[in-house]
Every structure is written in C-alpha cells, then in structure tokens.
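Enquirer: This is the structure I want to talk about, given as structure tokens.
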Amino acid sequence: MVRGALASEERSDELGLWIEVTGTQGPGYTYDLYFSEVAQAPEGASVGVDGGITIVVPAASVDRLRGARLEFASDGLVLVNPNQPAPDELHPGIPEAILAHGVTGELAQVAIRVLEESVNPSIASHGGRADLVALDEGNQVAYIMLSGGCQGCAMSRMTLSDGIEKMLREEIPVLKEVVDVTDHASGANPFYAHS
C-alpha cells in the first residue's frame, strides 16, 4: 500500500515515508505520516530502509517510536506503538513533582469521591465526565480533566466553575483553585447533541 502510494508521487525516488509524533490525545500519542524528501532529513533523524521504502523518523520522535510498527488494517494503515506518553507529556500544565504523587493523598481521595458520587452522575446526561489528574495538597490546587461531552464543549468553563469547583469546595474547604487541564481541541465526541 505504501509502495503504491509512493510510486504515484512525482520524484518518488527522492522521497521517503516520514513518521513522527505530533502530540498526545487521550492516553496515547498522535502521529503524522507523509512523504517528503529524504535529503531534507534533519540532523539526528533516524533514516533506514524497510521493504524498499526509506523511512525517516525525526530525532524528537525516535525514542517515542522505538519498537513501533506500521500494520495494514481493514480501514487503512495503523501505527502500533508499544510506547506511551510520560505523565508530563500528557499533562504539560501540571508540575512533574505533583504528577509523581498521583492521586493517593487524603484530599485527593475526597476529591475523587465527590467527582464519582456527585459530579459525574450530574454531567453524565450530557455524555460528560470529570476526573482528578492530580491534587497539589501543599498549594491546595486540584487538576481536573474533562472528557466525553464536556471535552470541547462551549459550556465547559461554566460547568467547571459553577458546578465542579463548588461541589469540590463544599467537601474540601481548603481548596484554593481548580484547574482544567483538558485538551478541548481534541476528542471524538466533544459536543452533546440530542438524539
């Protein structure tokens, strides 16, 4: 399939298949696969040949793609990658030291209970969900990620400030801030629609 697509390109003998990590979405990486000139491979890129096709992986993607393979599925090509993003890649707005503690502290457990018992049942009717990603108990900051119908929704800011934050502060009065770390630009179903 790749060889056929490459053969249809002008100057196909100068092109290679470039594969790179472009970011994260959900728990995994996002990718870009495209044909470009092999001669333009930047310093540090990994360049190799597999099945007669030159493959270029830019330096920043090499470790993230180590051990990955391209497979053909019924709906096209699928990149199977054994690597997962590090927590700081998934949640770049949260300090790494806070992520390292996870959600095991006493206040974090209270926040999880509030989300599961009060918040999520009320936003489930819109296909939404809120999860605690981290809780900085020293600075009393909760980091929340919204998903489902809340991810990308125009009302998500109001849902967070007027609903989720109020419920959390009722149970955790010392909480100073609730931070939304959701990637609202991505998501398979970011808006709620009536059936």
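Enquirer: Could you look through segment 148-169, keep only residues that are farther than 20 Å from GLY127 by Cα and free of Cβ contacts under 8 Å to residues at least 12 places away in the same chain, and pick out the one that is surrounded by the most Cβ atoms within 10 Å (Cβ to Cβ)?
Expert: Here is the first cut: in segment 148-169, the residues farther than 20 Å from GLY127 by Cα are 166, 168-169.
Imposing the further condition that a residue be free of Cβ contacts under 8 Å to residues at least 12 places away in the same chain reduces the set to 166, 169.
Working: LYS166: 12, ARG169: 16.
Among residues in segment 148-169 that are farther than 20 Å from GLY127 by Cα and free of Cβ contacts under 8 Å to residues at least 12 places away in the same chain, the one surrounded by the most Cβ atoms within 10 Å (Cβ to Cβ) is ARG169.
Enquirer: Another question, then. So which residues in segment 40-63 are touching a Phe, Trp or Tyr at 6+ places or on another chain (Cβ under 9 Å) and in contact (Cβ under 8 Å) with a residue 40 or more places away in the chain, if there are any at all?
Expert: VAL56, PRO58, SER61
Quick grid of which residues meet (1) closer than 30 Å to LEU146 by Cα; (2) modelled with pLDDT under 90; (3) surrounded by 12 or more Cβ atoms within 10 Å (Cβ to Cβ):
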position: MET1; (1), (2), (3): no, yes, no
position: LEU15; (1), (2), (3): no, no, yes
position: ALA39; (1), (2), (3): no, no, no
position: LEU65; (1), (2), (3): yes, no, yes
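Enquirer: So, in segment 113-147, how many residues would count as being touching a Phe, Trp or Tyr at 6+ places or on another chain (Cβ under 9 Å) and crowded, with 20+ Cβ neighbours inside 10 Å? Quick ask: steps written out before the conclusion?
Expert: Taking segment 113-147 and keeping what is touching a Phe, Trp or Tyr at 6+ places or on another chain (Cβ under 9 Å), we get 125-128, 132-136.
If we keep only those that are crowded, with 20+ Cβ neighbours inside 10 Å as well, we get 128, 132-136.
Qualifying residue count for the region: 6.
Enquirer: In addition: Would you check if there is a residue in segment 41-48 being touching a strand residue (DSSP E or B) at 6+ places or on another chain (Cβ under 8 Å) and under 22 Å from ALA86 (Cα atoms)? Steps first, answer last, please.
Expert: From segment 41-48, those touching a strand residue (DSSP E or B) at 6+ places or on another chain (Cβ under 8 Å) are 41, 45-48; that's our starting set.
From what's left, under 22 Å from ALA86 (Cα atoms): 45-46.
Among the residues of segment 41-48, at least one is touching a strand residue (DSSP E or B) at 6+ places or on another chain (Cβ under 8 Å) and under 22 Å from ALA86 (Cα atoms), which makes the answer yes.
The values are calculated or read from the model by the stated rules, or taken from the named source; none is laboratory data. Being a predicted model, the structure only gives us computed values, none of them experimental. Glycine also receives a Cβ, built like all others from the backbone with ideal geometry; neighbour counts cover every protein chain displayed.
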